[in-house]
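K.L.:
Shown below is the structure under consideration.
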Amino acid sequence: MYRLTYWLVVVLVATTAQLLMAVDPLVKPFPPKIEHPSDNPTTPAKVSLGKKLFFDTRLSQTEKISCSSCHDPAKAWTDGRQFAIGVHGRVGKRNTPSLFNVAYNEHQFWNGRVLTLEKQALEPIKHPSEMNMNLSKLVVKLEEIEEYRTAFLDAFDGSVTPENIGKAIAAFERMIISKEAAIDRYSRGEKAALSATARRGMNLFFGDARCHLCHSGPNFSDQKFHNIGVGVAARDQGRSLVTSRVKDHGAFKTPTLREVAHTAPYMHDGSIKTLEAVVKHYNFGGVTDAENPTRDELLEVLYLSEKQVSDLVVFLKEGLSSPTK
């Protein structure tokens with residue numbers, strides 16, 4: 001009897017330790033400290049100017065499109081569409097990612113083609129399929145507006161320049177942080193923050209479903225690029241357009257899962273409409289190697305039951321997303 005009790009205690013302790021190890025990333029506080037660039041320290045004046053620019057349609061060639069046209073705060077800083085729509089109704093080739101927590105990104109855009117928010121902010125403005133605005137002409141336009149001349153002087157002690165436009169918008173975007181989620185309260189010891197169903201889903205997330213292998217850390221992203229077998233038929237080269245490496249073909253940046261319940265449709269091509277469908281995609285291991293030779297080696301068939309799929313979806317919705325956007 002003593003031996004049986006001893007081994008039961010050992011098993012219980014080991015199991016508890018494994019569970020604690022599994023959810024270890026959750027104990028890291030959210031939000032993490034924002035690292036502000038030394039050449040663009042955040043100030044209230046910059047944030048105010050950046051916000052003004054972000055919502056101003058005059059930054060587009062037609063004066064009908066603003067940054068917020070695709071990154072709508074009422075839609076979790078997305079547009080809710082499969083593909084973004086720019087000037088003259090031009091349709092893009094990729095889904096609009098949410099701006100939640102972009103301050104923590106190590107790379108910007110789905111293929112990571114730029115490293116800083118300052119550079120990212122200018123890309124949509126000048127892109128022909130988005131805002132299609134010549135930056136030199138934009139500078140002239142803004143300099144003719146007294147309100148902007150004063151705002152740039154307050155923010156930068158200088159005139160309107162493309163560099164300062166990017167810095168101001170970046171300063172505003174760094175302030176777009178998702179709300180505290182139930183998982184944060186749970187990790188602090190508030191066990192009632194998650195329902196029993198969500199807790200089962202959480203254990204799957206950090207266990208048999210293997211989600212944590214890519215969606216890790218306080219922002220639930222490993223900041224890396226993976227080919228998960230989406231959009232193979234479209235032959236989007238993804239990360240390899242940046243690196244020229246064959247192994248990066250079809251690989252795209254791991255997005256944050258915070259507020260994921262509010263950011264449908266999903267994937268870089270917006271091809272998956274629901275979280276249930278997303279989980280099922282991973283459950284089947286994505287596209288087979290024969291069709292997709294550079295598929296990420298982390299993918300494998302999971303053999304989750306319908307109930308497990310449902311539990312995992314509940315965790316994503318209840319645990320990682322706020323009740324409201």
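K.L.:
Restricting to segment 246-259, give me the number of residues that are in contact with a strand residue (DSSP E or B) (Cβ under 9 Å, 6 or more places away or on another chain) and either surrounded by fewer than 22 Cβ atoms within 10 Å (Cβ to Cβ) or over 23 Å from SER98 (Cα atoms) (or both). I'd like the intermediate steps shown before the answer.
P.N.:
Filtering segment 246-259 down to residues in contact with a strand residue (DSSP E or B) (Cβ under 9 Å, 6 or more places away or on another chain) leaves 248-255.
Pick out the ones that are also either surrounded by fewer than 22 Cβ atoms within 10 Å (Cβ to Cβ) or over 23 Å from SER98 (Cα atoms) (or both) and you get 248-249, 254.
Going through segment 246-259 one residue at a time, the tally reaches 3.
K.L.:
May I ask you to verify whether GLU318 is free of Cβ contacts under 8 Å to residues at least 24 places away in the same chain and either within 24 Å of GLY217 (Cα to Cα) or of a type in the set (Asp, Glu) (or both)? First the steps, then the outcome.
P.N.:
Details: free of Cβ contacts under 8 Å to residues at least 24 places away in the same chain: no; either within 24 Å of GLY217 (Cα to Cα) or of a type in the set (Asp, Glu) (or both): yes.
Taking the combined requirement at face value, the residue does not satisfy it.
K.L.:
Do we find a residue being touching a Pro at 6+ places or on another chain (Cβ under 7 Å), modelled with pLDDT of 95 or more and not aliphatic (A, V, I, L, M) anywhere in segment 217-226?
P.N.:
Keep residues of segment 217-226 that are touching a Pro at 6+ places or on another chain (Cβ under 7 Å), which gives 217-218, 221.
From the residues that got through so far, the ones that are modelled with pLDDT of 95 or more too are 221.
When the remaining residues are screened for being not aliphatic (A, V, I, L, M), the result is 221.
There is at least one residue in segment 217-226 that is touching a Pro at 6+ places or on another chain (Cβ under 7 Å), modelled with pLDDT of 95 or more and not aliphatic (A, V, I, L, M).
K.L.:
Go through segment 125-155 and give me each residue that's more than 16 Å from GLY50 (Cβ to Cβ) and in a loop (DSSP other than H, G, I, E, B).
P.N.:
Hits for segment 125-155 are HIS127, PRO128, SER129, GLU130, ASN132, MET133, ASN134, GLU144.
K.L.:
Right, another one. Before we move on, is VAL140 without any contact (Cβ under 8 Å) to a residue 60 or more places away in the chain and crowded, with 20+ Cβ neighbours inside 10 Å?
P.N.:
On the way: without any contact (Cβ under 8 Å) to a residue 60 or more places away in the chain: yes; crowded, with 20+ Cβ neighbours inside 10 Å: no.
No; evaluated as a whole, the condition is false for this residue.
K.L.:
May I ask you to say which residue of PHE156, PHE225, PHE205 is touching a strand residue (DSSP E or B) at 6+ places or on another chain (Cβ under 6 Å) and either within 30 Å of GLU291 (Cβ to Cβ) or surrounded by fewer than 22 Cβ atoms within 10 Å (Cβ to Cβ) (or both)?
P.N.:
Numbers: PHE156 fails: touching a strand residue (DSSP E or B) at 6+ places or on another chain (Cβ under 6 Å); PHE205 fails: touching a strand residue (DSSP E or B) at 6+ places or on another chain (Cβ under 6 Å).
Only one candidate passes the filter, namely PHE225.
K.L.:
Return a yes/no flag: does segment 91-102 have any residue that is farther than 21 Å from SER60 by Cα, of a type in the set (A, V, I, L, M, F, W, C) and in contact (Cβ under 8 Å) with a residue 24 or more places away in the chain.
P.N.:
Step one: list which residues in segment 91-102 are farther than 21 Å from SER60 by Cα, which gives 100-102.
Among the residues that remain, those that are also of a type in the set (A, V, I, L, M, F, W, C) are: 100, 102.
Okay, now just the ones that are also in contact (Cβ under 8 Å) with a residue 24 or more places away in the chain, so 100, 102.
Yes, segment 91-102 contains a residue that is farther than 21 Å from SER60 by Cα, of a type in the set (A, V, I, L, M, F, W, C) and in contact (Cβ under 8 Å) with a residue 24 or more places away in the chain.
K.L.:
Further question on the same structure: If we keep just the residues of segment 178-201 that are crowded, with 18+ Cβ neighbours inside 10 Å and under 30 Å from SER38 (Cβ atoms), which is farthest from the chain's Cα centre (by Cα)?
P.N.:
Here the residue is ASP184.
K.L.:
While we're on this one: Every residue in segment 111-120 that is touching a strand residue (DSSP E or B) at 6+ places or on another chain (Cβ under 9 Å) and assigned to a helix (DSSP H, G or I), please. Spell out how you get there, then give the answer.
P.N.:
So the first thing to find is which residues in segment 111-120 are touching a strand residue (DSSP E or B) at 6+ places or on another chain (Cβ under 9 Å), and the list is 111-112, 114-117, 119-120.
Of everything in segment 111-120, those that are touching a strand residue (DSSP E or B) at 6+ places or on another chain (Cβ under 9 Å) and assigned to a helix (DSSP H, G or I) turn out to be LEU117, LYS119, GLN120.
Yes or no, residue by residue, for (1) touching a Pro at 6+ places or on another chain (Cβ under 9 Å); (2) at pLDDT 95 or above; (3) closer than 24 Å to PRO323 by Cα; (4) of a type in the set (Val, Ile, Thr):
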residue: LEU19; (1), (2), (3), (4): no, no, no, no
residue: PHE54; (1), (2), (3), (4): no, yes, no, no
residue: THR57; (1), (2), (3), (4): no, yes, no, yes
residue: LYS64; (1), (2), (3), (4): no, yes, no, no
residue: SER69; (1), (2), (3), (4): no, yes, yes, no
residue: GLN82; (1), (2), (3), (4): yes, yes, yes, no
residue: ASN95; (1), (2), (3), (4): yes, yes, yes, no
residue: TYR104; (1), (2), (3), (4): yes, yes, yes, no
residue: TRP110; (1), (2), (3), (4): yes, yes, no, no
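The values are calculated or read from the model by the stated rules, or taken from the named source; none is laboratory data. Worth saying up front: this structure is predicted, and the values here are computed from it rather than measured. Because the Cβ atoms are built from the backbone with ideal geometry, glycine has one as well, and the counts that use them run over all protein chains shown.
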